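K.L.:
Mind having a look at this structure? Questions to follow.
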Amino acid sequence: MTEQQADRYREVEASIQARGNEVQFDPSLDRIAALVDLLGSPQRAYPVIHITGTNGKSSTARMIDSLLRERNLRVGLFTSPHLETMRDRITIDGVPLSEERFVETFDDVRPYMELVEAQADRRLSYFEVLVGMAFAAFADAPVDVAVVEVGMGGGWDATNVADGAVAVVTPVSLDHAAYLGDEIETIAAEKAGIIKPGAVVVLAQQQVPAAEVLLRRAVEVGATVAREGLEFGVLHRDVAVGGQVLRLQGLRGVYDDVFLPLFGEYQAGNAATALAAVEAFAIPAEGDDQLDPELVRRGFSGAASPGRLEVVRRSPTVIVDAAHNPAGMAATVDAVRDSFAFTRLVGIVAVMADKDVIGLLETLEPVLTEVVVTRNSSPRSMPV
């Protein structure tokens, strides 16, 4: 890449970031719908597995992506937020868009953005631009299937201009209360918006109020439901060096000796949910009795989830984790107790200003010897 190309990439990235805070919530699909319409509805060029929930979305999405690629499918994956570079949000065949391709995609989409903005009462948001770019890049590749994670909520999320053949709902809990409400039922109702007529809905373990809302939506639109603990789930798990070994109940069979290189019981649940989603997508289309067990083992053994109890150093062990609400932190604490044997653990904590910092610290405190409070580079970071 030339210096001129690198400068152009930085310019494009800065222009997208300048569109404001990505969690600013405007309950309207009008702008993104207008954009994808002008782009020729790229989100309809391939089947979509759509993922919502409060915790576990990105990990589940990445496992689905890994399993689908083991089936020799070309897979587009859209996740958020990113840890290192904006390009990480849009991957094809497990590889983020190159800087050159990212710029090309932005330049392809930009004229249509300008047409939409000329008629709208506000600019397309940071997140809407990236959603439009992802859908366009996936159609251009082209991909065989797209795995799409919502940014926040569901019904009003920009990704919801796509109709998921499979709708996945990871555990729902309180988060983004200022935007989604402070009751589980209200949050679940917003997330239920991704459940479309005729879809298969894969529900991870839910609190009863959330489950009732999600099941009611499925009945209303005639969707088929698969529930963790009933139609699929984790039959057994053993902690192992570098992760865990699972026995999983899928929708069509049992899968033994599945090594997952991720830590914590919650990741085992995410794995079961991912497996059910891939079965729901692949089996009706291809007529298999069940997925090839060896394919499933390879898919999970190659799964990664950066920033989710990720060990980035040994001696001393350094773990990076992105838990950002009390429910997520509780899962992290359980995983630390389950998978590690620290005699001394120092927590370095940086929290976004809109998060429940008291709830996070109260949940984390029992496993820490010391805590260091700091801030990260995000403009949303809580000051110290």
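K.L.:
Pairs only if they're at least six apart or on different chains, beta carbon under 7 angstrom, first in region 325-343 and acidic (D, E), second buried (at least 19 other Cβ atoms within 10 Å of the Cβ); list them, first residue then second.
P.N.:
D334/G264; D338/G264
K.L.:
Between D288, D356, which is modelled with pLDDT under 90 and assigned by TED's automatic domain parsing to the domain that holds T91?
P.N.:
When all the criteria are applied, what remains is D288.
K.L.:
Please state which one of G299, G359 is more than 29 Å from A280 (Cβ to Cβ) and outside any loop (DSSP other than H, G, I, E, B).
P.N.:
G359
K.L.:
Which of the residues that make up region 137-157 are over 16 Å from the mean Cα position of the chain (by Cα) and surrounded by fewer than 24 Cβ atoms within 10 Å (Cβ to Cβ)?
P.N.:
A139, D140, A141, P142, V143, D144, W156
Listed here are the residues, each with its yes/no results for (1) aliphatic (A, V, I, L, M); (2) within 15 Å of P42 (Cβ to Cβ); (3) not assigned by TED's automatic domain parsing to the domain that holds R10.
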site: T85; (1), (2), (3): no, no, no
site: I90; (1), (2), (3): yes, yes, no
site: E100; (1), (2), (3): no, no, no
site: V103; (1), (2), (3): yes, no, no
site: D108; (1), (2), (3): no, yes, no
site: M113; (1), (2), (3): yes, yes, no
site: A120; (1), (2), (3): yes, no, no
site: Y126; (1), (2), (3): no, no, no
site: G132; (1), (2), (3): no, yes, no
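K.L.:
Give just the number: which of (1) free of Cβ contacts under 8 Å to residues at least 12 places away in the same chain; (2) at positive phi; (3) of a type outside the set (V, I, T) does G56 not satisfy?
P.N.:
It is condition (1) that G56 fails.
K.L.:
Look at V346 and say whether it is more than 24 Å from the chain's Cα centre (by Cα), β-branched (V, I, T) and outside the structural domain of T170 (by TED's automatic domain parsing).
P.N.:
Yes; evaluated as a whole, the condition is true for this residue.
K.L.:
Restricting to region 323-356, give me the number of residues that are in contact with a strand residue (DSSP E or B) (Cβ under 9 Å, 6 or more places away or on another chain), part of a loop (DSSP other than H, G, I, E, B) and closer than 28 Å to I184 by Cα.
P.N.:
Going through region 323-356 one residue at a time, the tally reaches 4.
K.L.:
Please verify whether P96 is free of Cβ contacts under 8 Å to residues at least 60 places away in the same chain and either touching a Lys or Arg at 6+ places or on another chain (Cβ under 6 Å) or small (G, A, S) (or both), treating the condition exactly as stated.
P.N.:
In short, yes.
K.L.:
Which numbered condition trips up V372, out of (1) among the β-branched types (V, I, T); (2) more than 19 Å from S173 (Cα to Cα); (3) touching a residue at least 60 places away in the same chain (Cβ under 8 Å)?
P.N.:
(3)
K.L.:
Can you find even one residue in region 252-266 that is in contact with a strand residue (DSSP E or B) (Cβ under 8 Å, 6 or more places away or on another chain), among the aliphatic types (A, V, I, L, M) and assigned to a loop (DSSP other than H, G, I, E, B)?
P.N.:
Yes, region 252-266 contains at least one residue that is in contact with a strand residue (DSSP E or B) (Cβ under 8 Å, 6 or more places away or on another chain), among the aliphatic types (A, V, I, L, M) and assigned to a loop (DSSP other than H, G, I, E, B).
K.L.:
For V384, state whether it is closer than 26 Å to H82 by Cβ, free of Cβ contacts under 8 Å to residues at least 60 places away in the same chain and out of contact with any Pro (no Cβ under 8 Å at 6 or more places or on another chain).
P.N.:
For V384, the condition - closer than 26 Å to H82 by Cβ, free of Cβ contacts under 8 Å to residues at least 60 places away in the same chain and out of contact with any Pro (no Cβ under 8 Å at 6 or more places or on another chain) - is met.
K.L.:
Could I ask something else about it? Is it the case, given these coordinates, that A136 is touching a Ser or Thr at 6+ places or on another chain (Cβ under 8 Å) and assigned to a helix (DSSP H, G or I)?
P.N.:
It is true that A136 is touching a Ser or Thr at 6+ places or on another chain (Cβ under 8 Å) and assigned to a helix (DSSP H, G or I).
K.L.:
A further question follows. Looking at T85, T60, T54, can you tell me which residue is closer than 22 Å to I283 by Cα and within 17 Å of the chain's Cα centre (by Cα)?
P.N.:
The match here is T60.
K.L.:
Determine which member of the set H82, H50 is outside any helix (DSSP H, G or I) and without any contact (Cβ under 8 Å) to a residue 12 or more places away in the chain.
P.N.:
Just one listed residue meets the conditions, H82.
K.L.:
Another question, then. Check off (1) touching a Leu at 6+ places or on another chain (Cβ under 6 Å); (2) modelled with pLDDT under 95 for Y112 and give me the number that stays unchecked.
P.N.:
Among (1) touching a Leu at 6+ places or on another chain (Cβ under 6 Å); (2) modelled with pLDDT under 95, the lone unmet condition for Y112 is (2).
K.L.:
Which helices (runs of 4 or more DSSP H) does region 145-243 wholly contain that include 1 or more residues that are β-branched (V, I, T)?
P.N.:
By residue number, 184-191, 208-221.
K.L.:
Further, regarding this structure: Identify, from the list V320, V384, the residue that is under 30 Å from Q205 (Cα atoms) and not assigned by TED's automatic domain parsing to the domain that holds Q17.
P.N.:
V320
The values are calculated or read from the model by the stated rules, or taken from the named source; none is laboratory data. Bear in mind the structure is a predicted one, so any value in this text is a computation, not a measurement. No Cβ is skipped: glycine too gets one built from the backbone with ideal geometry, and neighbour counts run over all protein chains shown.
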